[in-house]
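The values are calculated or read from the model by the stated rules, or taken from the named source; none is laboratory data. What you see is a predicted model; the values in this text were computed from it and never measured. As a convention, Cβ positions derive from the backbone with ideal geometry for all residues, glycine included, and neighbour counts pool all protein chains shown. The protein model used for the area step is the full one, side chains on, heavy atoms only, and it has no ligands, DNA or RNA in it. Shrake-Rupley method; radii C 1.70, N 1.55, O 1.52, S 1.80 Å.
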Amino acid sequence: MPSLTPHEFRPVTTLRGVGTALAEKLAVLGLRTIQDVLFHLPYRYEDRTQTIPLGSLQTGMRAVVEGEVQLSEVTFRGRRQLLVRISDGSGWLTLRFFHFGAAQQTQLARGIKLRCFGEVRAGQKTLEMVHPEYRRITPDNPMVESNTLTPIYPATEGIQQARLRQLSTAALQELQHNSIRDWLPADLLPDPRWPTLQAALHYVHRPPPDASLELIAAGRHPAQRRLAFEELLAQQLSLRQLRQDIKNDASWSLLQGSELLKQFCNTLPFQLTSAQQRVWQEIEQDLAQSQPMLRLVQGDVGSGKTVVAALAAIKAVACGMQAALMAPTELLAEQHARNFQRWLAPLNIDVVLLTGKHTGKARTAIMESLASGKASVAIGTHALFQSDVLFTKLAVVIIDEQHRFGVHQRLLLREKGINTGRYPHQLIMTATPIPRTLAMSAYADLDVSVIDELPPGRTPVQTVVVPDSRRDEIVQRVREACLQQRQVYWVCPLIEESELLSAQAAEDLYTTLRSALPELRIELLHGRMNAKQKDLIMERFKSHEADVLVATTVIEVGVDVPNASVMVIENAERMGLAQLHQLRGRVGRGSAQSSCVLLYQYPLSDVARTRLRIMRETNDGFEIARHDLEIRGPGELLGTRQTGLVQLRVADLMRDADLLPQVQKAADFLLKDKPDHVEPLLTRWVGQSERFGKV
Ligand code: ADP
Ligand code: MG
């Protein structure tokens, strides 16, 4: 039973060998208490039970070696460094240190015996290890650590693995005298054969000599599963708590507006699909409540999410309130602004656009119109949540392409409403469809609606995969398509994350295509152009004053020009599935048969080959997301910031997906019957910085 100050909450400095200097470094890793150390879990293991003779080392090996120091010298080759040559009779190895102290230098003297571990690299004369872990071998220091698997911990600069192992050893020793509190009633665990919390911790920090490296590497050992379950539960609780916090706030109950909405729908050139209607009804019900809506709308690219967002904005305005729509790129914000202005002007609703490009007087004017309430709808990028942008009565916040934003940003925008004493409703839209179990975990704070139907009359995009060597044929196909009044996007890949290089690549392609296709009207669009230029070019393409738009991936999300029906993607082998699917989603929006050409260059990696095959075989965003999940894992698929999932230590959402239904049940139970166990679990597993509830 816990004492008043449970031992696991004592600071790390109470562990043997930890002073204030080390404690500061540990704090960078979030390790402040003994409990933090115990739950700082290895992310992999190394088998160091075999010592490799120096003569059989090869570049790239990570190996344990032993040898006697033959030579130890400080040299200046570019920078000061300590070189230590060791030998074991079978061969030589150089140890190279760039950071070293005087004591270390004296210790590594000729004649002493060392055991080292590190990665073998090719050196100038011999093989070498840079900053290996090493220990001196003395008669009274037999090397016992190496008969178990060696845990490798997440580390940071200035803290060596050996140090982290000492630390966990000390914490585990404490654990033998003072047990750690288990917050999970035994009957919540899905498998009664799982080890206790205590035993599980011992096992993952120090797997016994007979442990199966395979089982552990696969993350399937019961000790790992026991901890993974608790971790997933903590994640779930953290998101549920965030949701609860938000739901406890007051919001605006939006009841009016059916006339205006009807009027709007009558001006649309199409009828809402039944999926759009169903999702809108769900949203409308939420908006009628006096607690904030927290709803995620999932819909594949082209399913028509924008018009649903417009309905929500109109509803807010009809009730005398304001709405804000945030998009991840300027280009998309500009397009949304154009659509909204076109749609809402006939209803006498004032729409303003605010992006990073607005400065000085223009920005001040926009801000004034929002603060005075003259403008009812704001469309923008990140620029919307700068602290000096104020609304008079913000009731609805819409976030488009949510995977590009973090939870933090979403919460910041929500704070824009509080000058009224109430919080706005939140509508979040994403084209990244994810499997249900994953959604339960990743979006535990949100209600989910799915637009699972495309507008009628779309024909699936036909995708072909073509080597770069056949580029001439593609140029001819583009010519023919344009002569039949169709329009073409030709996309260059992002180059090493550099807008400048990408822009240059686009310019080169633009020049080449113009000379190859002199009879066509070709335009160029890239991220380094200013907003006006971009706007002008998009406008020209949209109104069919251009046949071909050569662009960087700035057009990836959201861009909507229904007459464009051919998409050519350069270096498609470099792009991920989600990006390819988004880009392809720019065509197939009208009734014409659309096609997508994926140009690639050799050599193709296995993963790239698989991706291209998947793109050729399916147009279904769900199917593609499923493959993407297998290839990249959920952390990357969902983005690294917007969920608490990426910081998972032992759990893996794919591998441990079977635990999720039980995790849900356990979360329900704890929140209802053991609410005082929730906070301790969050402290244990979810770092302060990831506790979204508190912005
Ligand atoms: P996304 O879900 O990818 O954001 P958009 O909102 O950009 O999709 O819509 C794609 C295209 O489909 C737009 O041109 C839009 O006007 C059109 N659209 C939306 N809803 C319908 C509908 N019910 N019937 C026909 N076209 C529609
Ligand atoms: Mg969209």
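Key figures for this structure:
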quantity: Cross-chain or 6+ apart pairs with Cβ under 9 Å, the stretch 431-460 first and among the hydroxyl-bearing types (S, T, Y), then within 9 Å of ligand 1 (Cβ to nearest atom) and at pLDDT below 80; calculated: T432/E401
quantity: The stretch 288-309, residues that are among the hydrophobic types (A, V, I, L, M, F, W, C), out of contact with any strand residue (DSSP E or B) (no Cβ under 9 Å at 6 or more places or on another chain) and within 16 Å of ligand 1 (Cβ to nearest atom); calculated: V301, V307
quantity: Any strands (runs of 3 or more DSSP E) falling wholly within the stretch 25-137 and containing at least 3 residues that are β-branched (V, I, T) and out of contact with any Pro (no Cβ under 7 Å at 6 or more places or on another chain); calculated: 62-77
quantity: Sole residue being crowded, with 22+ Cβ neighbours inside 10 Å, closer than 29 Å to R338 by Cα and within 16 Å of ligand 2 (Cβ to nearest atom), chosen from V554, V548; calculated: V554
quantity: Tally, over the stretch 91-133, of residues that are more than 22 Å from A155 (Cα to Cα) and loosely packed, with under 13 Cβ neighbours inside 10 Å; calculated: 9
quantity: Checking Q236 against (1) under 30 Å from the mean Cα position of the chain (by Cα); (2) more than 16 Å from ligand 1 (Cβ to nearest atom); (3) open to solvent by 60 Å² or more (accessible area, probe 1.4 Å), the condition it does not meet; calculated: (3)
quantity: Some residue of the stretch 560-571 being within 16 Å of ligand 2 (Cβ to nearest atom), open to solvent by 20 Å² or more (accessible area, probe 1.4 Å) and in contact with a helix residue (DSSP H, G or I) (Cβ under 7 Å, 6 or more places away or on another chain); calculated: yes
quantity: Out of Q322, Q281, sole residue that is open to solvent by 10 Å² or more (accessible area, probe 1.4 Å) and more than 16 Å from ligand 2 (Cβ to nearest atom); calculated: Q281
quantity: Exclusive hit being at pLDDT 95 or above, more than 16 Å from ligand 2 (Cβ to nearest atom) and among the hydrophobic types (A, V, I, L, M, F, W, C), set A288, A275, A312; calculated: A288
quantity: Any hit, the stretch 547-555, residues being assigned by TED's automatic domain parsing to the domain that holds V597 and more than 27 Å from L612 (Cα to Cα); calculated: no
quantity: Selection from the stretch 445-469 of residues that are within 16 Å of ligand 1 (Cβ to nearest atom) and part of a strand (DSSP E or B); calculated: V448, S449, V450, I451
quantity: Among (1) open to solvent by 10 Å² or more (accessible area, probe 1.4 Å); (2) within 16 Å of ligand 2 (Cβ to nearest atom); (3) touching a helix residue (DSSP H, G or I) at 6+ places or on another chain (Cβ under 7 Å), the one test that R338 misses; calculated: (3)
